[in-house]
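Novice: Let me give you the structure first, and then I'll get to my questions.
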């Protein structure tokens, strides 16, 4: 039996989840972002916050100000006129060092995929990714568009903490971390860019829905760019897409 979407699900007494599908898919995410933009533009009474994910939008609201049924009615009305598709407004080129000291797991990824380490880097750097959502920790942006040849499972056991700004892959996705912590993802590189910085405005570098590519750099370039990024310079390049 085919599931009917959108679905309206309660998340406690003060949040409504509008679910558009069951997978990581650009068309589904377009609908999420279109609704997010529409509801933020109207800002109905009682709205507290919206949280977009791969396939759903969580709407936090004050039930003493707006009833669940009225919120659903507002969402259904907005869905009629919400844009059917939302294209990335920006494309980012993020410098990334894939040398062994930064991409510690490239050799293991090559073994698992049957590729050479050079081909692993070529595939990862040659793809265009979509920023689907933020989650888990501030600034962690989850990226879809990983080449299927690199779609390895996550580690069976977590590894020791990795440095901040590490580029990771696992479970068909890639991710840029922002903090040092243990991880079950595979380390493929590191960027000097800070995807999240409280001393910079805005604190989040990229927006959900943006496109993103990785540009290989060597260790010398990494050191120079890292020094600039530490001073809150943005070392990534940005293009506005029409």
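The values are calculated or read from the model by the stated rules, or taken from the named source; none is laboratory data. Owing to the predicted nature of the structure, the values given are computational and were not obtained by experimental measurement. Backbone-built Cβ (ideal geometry, glycine too); neighbour counts: all protein chains shown.
Novice: Going by the conditions given, is residue 91 closer than 30 Å to residue 216 by Cα, surrounded by fewer than 20 Cβ atoms within 10 Å (Cβ to Cβ) and touching a strand residue (DSSP E or B) at 6+ places or on another chain (Cβ under 8 Å)? Spell out how you get there, then give the answer.
Specialist: Working: closer than 30 Å to residue 216 by Cα: yes; surrounded by fewer than 20 Cβ atoms within 10 Å (Cβ to Cβ): yes; touching a strand residue (DSSP E or B) at 6+ places or on another chain (Cβ under 8 Å): yes.
For residue 91, the condition - closer than 30 Å to residue 216 by Cα, surrounded by fewer than 20 Cβ atoms within 10 Å (Cβ to Cβ) and touching a strand residue (DSSP E or B) at 6+ places or on another chain (Cβ under 8 Å) - is met.
Novice: Counting only residues that are in a strand (DSSP E or B) and either touching a helix residue (DSSP H, G or I) at 6+ places or on another chain (Cβ under 8 Å) or surrounded by fewer than 16 Cβ atoms within 10 Å (Cβ to Cβ) (or both), how many does the range 1-46 have?
Specialist: Residues in the range 1-46 being in a strand (DSSP E or B) and either touching a helix residue (DSSP H, G or I) at 6+ places or on another chain (Cβ under 8 Å) or surrounded by fewer than 16 Cβ atoms within 10 Å (Cβ to Cβ) (or both): 6 in total.
Novice: I'm checking my understanding of the structure. Among residues of the range 100-127 that are outside any helix (DSSP H, G or I) and either within 22 Å of the chain's Cα centre (by Cα) or touching a residue at least 12 places away in the same chain (Cβ under 8 Å) (or both), which one is farthest from residue 163 (Cα to Cα)?
Specialist: Initial filter on the range 100-127 (outside any helix (DSSP H, G or I)): 100-105, 114-116, 127.
Retained after the next criterion (residues that are either within 22 Å of the chain's Cα centre (by Cα) or touching a residue at least 12 places away in the same chain (Cβ under 8 Å) (or both)): 101-105, 115, 127.
On the way: 101: 11, 102: 9, 103: 11, 104: 11, 105: 14, 115: 26, 127: 24 Å.
Among those residues, the one meeting the criterion is 115.
Novice: Hey, another quick one. Among strands (runs of 3 or more DSSP E) lying entirely in the range 175-242, which contain 2 or more residues that are surrounded by 19 or more Cβ atoms within 10 Å (Cβ to Cβ), within 16 Å of the chain's Cα centre (by Cα) and assigned by TED's automatic domain parsing to the domain that holds residue 109? Give the steps one after another, and end with the answer.
Specialist: On the way: elements: 186-190, 211-217, 237-240.
It comes to 211-217.
Novice: With the structure loaded, tell me whether residue 71 is closer than 30 Å to residue 19 by Cα, at pLDDT 95 or above and buried (at least 16 other Cβ atoms within 10 Å of the Cβ) or whether it fails that test. Full working, then the answer.
Specialist: Working: closer than 30 Å to residue 19 by Cα: yes; at pLDDT 95 or above: yes; buried (at least 16 other Cβ atoms within 10 Å of the Cβ): yes.
In short, yes.
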